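Novice: Just passing along the structure, written as structure tokens.
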Amino acid sequence: MHGDKYVWTPDDAKAAAKKCFESVMRTLRSGKDCIVSNVFVTVKAVNKYANEAKRLGAKVMVMRMDHDYGNVHSVPANTLASMKAGFQDYPGEIIR
């Protein structure tokens, strides 16, 4: 945030990803169900969550929402293009 305006930065994205992962794992450790709605570009990124969730005894389902839902965080076009170029299918994912 810059004032009251959201401005995407790589550092903010990294901090948000760390906070998200910690929150999800805390939720799963408490025995609650959890849905993660996030941008995962690589199999490695999904596996970070999936492997730890399975270790905690959670059932894991990966769904890809395969539509353009807009760029609500104002991520720069070159960053989006780079993410798209590096996108990897996840084995067993459900595509919607």
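Novice: Evaluated at 10 °C with a viscosity of 1.306 mPa s, what Stokes-Einstein diffusion coefficient in µm²/s does the chain have when Rh comes from the Kirkwood expression over alpha-carbon pairs?
Specialist: For the chosen part, D equals 106 µm²/s.
Novice: Let me ask something else about it. In region 26-66, what percent of the accessible surface is made up of carbon and sulfur (1.4 Å probe, ligands and nucleic acids excluded)?
Specialist: 51
Novice: Report, largest value first, the span of the C-alpha coordinates of region 1-41 along each principal axis, in whole Å.
Specialist: Principal extents (Cα only, largest first): 37, 24, 14 Å.
Novice: With n ≥ 4 as the cut-off for DSSP H runs, can you work out [θ] at 222 nm for the chain, using -39500 (n - 2.57) per run divided by the number of residues, rounded to the nearest 500?
Specialist: Roughly -14000 deg cm²/dmol at 222 nm, from the helical runs in the chain.
Novice: A follow-up question, please. Once amide H atoms are built 1.01 Å from N in the peptide plane, which residues 5 or more positions from ARG64, or in another chain, come under 5 Å H to H?
Specialist: ILE94, ILE95, ARG96
The values are calculated or read from the model by the stated rules, or taken from the named source; none is laboratory data. In this text the structure is predicted, and so the values were computed from the model without any measurement. Ligands, DNA and RNA are excluded from the accessible area calculation, which covers all protein heavy atoms including side chains. Shrake-Rupley method; radii C 1.70, N 1.55, O 1.52, S 1.80 Å.
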